[in-house]
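The values are calculated or read from the model by the stated rules, or taken from the named source; none is laboratory data. Keep in mind the model is a prediction, meaning the values are calculated, not measured. Cβ: placed from backbone, ideal geometry, glycine included. Neighbour counts: every protein chain shown. Note: accessible area is taken over every heavy atom of the protein model, side chains too, but ligands, DNA and RNA are not part of it. Shrake-Rupley method; radii C 1.70, N 1.55, O 1.52, S 1.80 Å.
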Amino acid sequence: MDRIRQMVVFVAGAGGLGSHQSVELQRIGVRKIYITDPDRIEPTNLNRQVLYGAGDLGKLKAPLAKDRLDGFGMETEIVAWTERITEETVLPDDVQLVLCALDNFESRFALEKAAVHRKVPLVHGGVRSLFGQITTIIPGQTPALKEIVGEVFPKLTSQPAFSPVVSIVASLQVIEGVKVLLNHAGTLVNRLLIMDLTDYSVEVVEV
Amino acid sequence: MEVRLFANLRDRLPKETQGIASVELPSGASGADLAAKMAIPRDQPLIFMINGRRQPGTKLLQEGDRVGIFPPVGGG
């Protein structure tokens, strides 16, 4: 537990995945969470973004996420960012782990670049309908995200993210990040977890 | 060979198949050829899993290979 209490985690995105991740990280007692998102809360967010309610429409996500988390009165320090993740993003010096909770691949690739620059592991997680995918990117040890998922991304058709699936993927990302920082065996380093809840199948393939 | 489609790609097969199909391909065919045979649009990004490992779409397939095809998902 002492090692968990020293962890500093960067949660990129305060939407569905990021809301769940930050709650879980706070409950396990990490030292600090950076939570970043430039967007404001929209009605379509409320089906899965558990830190916000119907009275929060139009408010910036990241500062409100910080307020809600601070309101729980736990020891974890919460830092809110409202900057968009771009190719120029530089992560804070003390970040040890990045959890990707973004909603598009352009930003995901930019976040990976920032994590590589900081030489910290990034746990990638994506959700669509009843499907989820998770892998861990470690600079110098794993393929880059583009090598795994491909480089060319036409706009994907919008499919609703089903809230229970979002919470599962977010929780698995938190578990994976902690395991990676604690050097546990059986992580998703060089492996991709593919979850398809239409038949509850979970595959883990080498990448 | 046996091919398993994941996520929304399963919609291309009858529901009772649970996304699994047996496909005949000429020798020298690649993963991308298999996707084309299954009428998966070429502009859709795909991840190919062959015998439990991710492989590029250009990877040539062998008789008896177990192939999985799935789209990357990036929503949050």
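Structure notes:
- Per residue, the accessible area of chain B comes to 52 Å², computed with a 1.4 Å probe over protein heavy atoms only.
- Positions from the range B:55-76 whose accessible area shrinks by 30 Å² or more when the full protein complex is built, not the chain alone, probe 1.4 Å: B:Phe70, B:Pro72, B:Val73, B:Gly74, B:Gly75, B:Gly76
- Pairs of Lys residues in the range A:63-207 are counted when their Cα atoms are under 20 angstrom apart and they lie 8 or more places apart or on different chains; the count is 4.
- Largest accessible area first, the residues A:Glu112, A:Glu206 order themselves as A:Glu206, A:Glu112 under a 1.4 Å probe with ligands, DNA and RNA left out.
- Rolling a 1.4 Å probe over the protein chains gives A:Arg5 an accessible area of about 110 Å².
- Percentage relative contact order, the range A:66-120, counting C-alpha pairs under 8 Å, at least six apart: 37 percent
- Residue among A:Val205, A:Ala80, A:Gly13 farthest towards the positive dipole end of chain A, charges placed on Cβ: A:Ala80
- Loss of accessible area when B meets A, both sides summed, Å² nearest 100, probe 1.4 Å: 2200 Å²
- Here the dipole of chain A is about 220 debye; that uses its Cα centre as origin and unit charges on the Cβ of Lys and Arg (positive) and Asp and Glu (negative).
- Charge context of A:Leu130, other residues only, Cβ under 15 angstrom, K/R +1, D/E -1: 0
- Of all DSSP-defined beta bridges confined to the protein assembly as shown, some 55% are antiparallel rather than parallel.
- Take the Kirkwood radius over Cα pairs of chain A, plug it into Stokes-Einstein at 10 °C and 1.306 mPa s, and you get 93 µm²/s for translational diffusion.
- Contact order normalised by residue count of chain A, Cα under 8 Å, 6+ apart, percent: 21 percent
- Accessible area of the range A:88-153 belonging to carbon and sulfur atoms, whole % at 1.4 Å probe: 49 percent
- Value of relative contact order over chain B, rounded to a whole percent, pairs C-alpha under 8 Å and six or more apart: 41 percent
- The range A:1-93 shape via C-alpha gyration tensor axes, a/c threshold 1.5: oblate
- Rounded, prolate or oblate (a/c below 1.5 giving rounded, otherwise prolate when a/b exceeds b/c) for the range A:55-160 by Cα gyration tensor: oblate
- Ratio of Rg to Rh for the range A:58-114: 0.99 [Cα atoms; Kirkwood radius as inverse mean 1/r over pairs].
- Of all DSSP beta bridges in chain B, antiparallel share, percent nearest 5: 75 percent
- Taking other residues whose beta carbon is less than 10 angstrom from the beta carbon of A:Arg31, and scoring Lys, Arg as +1 and Asp, Glu as -1, yields -1.
- Percent carbon-and-sulfur accessible area, chain B, ignoring ligands, DNA and RNA, probe 1.4 Å: 47 percent
- Taking Cα centre as origin and charging only the Cβ of basic (Lys, Arg, +1) and acidic (Asp, Glu, -1) residues, the dipole magnitude of the range B:22-76 rounds to 180 debye.
- Adding -39500 (n - 2.57) for every DSSP H run of four residues or longer, then dividing by how many residues chain A holds, sets the calculated 222 nm ellipticity at -9000 deg cm²/dmol.
- Distance from the range B:22-76 to the range A:36-90 (C-alpha centre basis), Å: 39 Å
- Once the 1.4 Å probe is applied to the protein heavy atoms, the range A:61-207 comes out at 46 Å² accessible per residue.
- Mean Cβ neighbour count within 10 Å, used as a protection proxy, ranking A:167-178, B:64-75, A:12-23 highest first: A:12-23, A:167-178, B:64-75
- Each 10 Å bin, from zero up to the one with the longest distance, holds this percent of the alpha carbon pairs of the range A:128-207: 16, 45, 35, 5.
- Only helices enter this figure: runs of n ≥ 4 DSSP H residues, each worth -39500 (n - 2.57), summed and divided by the residues of chain B, yield -2500 deg cm²/dmol at 222 nm to the nearest 500.
- Counting Cβ atoms of other protein chains within 10 Å of each residue's Cβ and taking the mean over peptide A:98-104 gives 2.
- Accessible area (Å², 1.4 Å probe, nearest 10) - A:Lys146: 80 Å²
- In this Cβ point-charge picture (+1 for Lys and Arg, -1 for Asp and Glu), the range A:11-116 has a dipole of about 280 debye about its Cα centre.
- Distance cut-off 16 Å, percentage of C-alpha pairs in chain B lying past it: 44 percent
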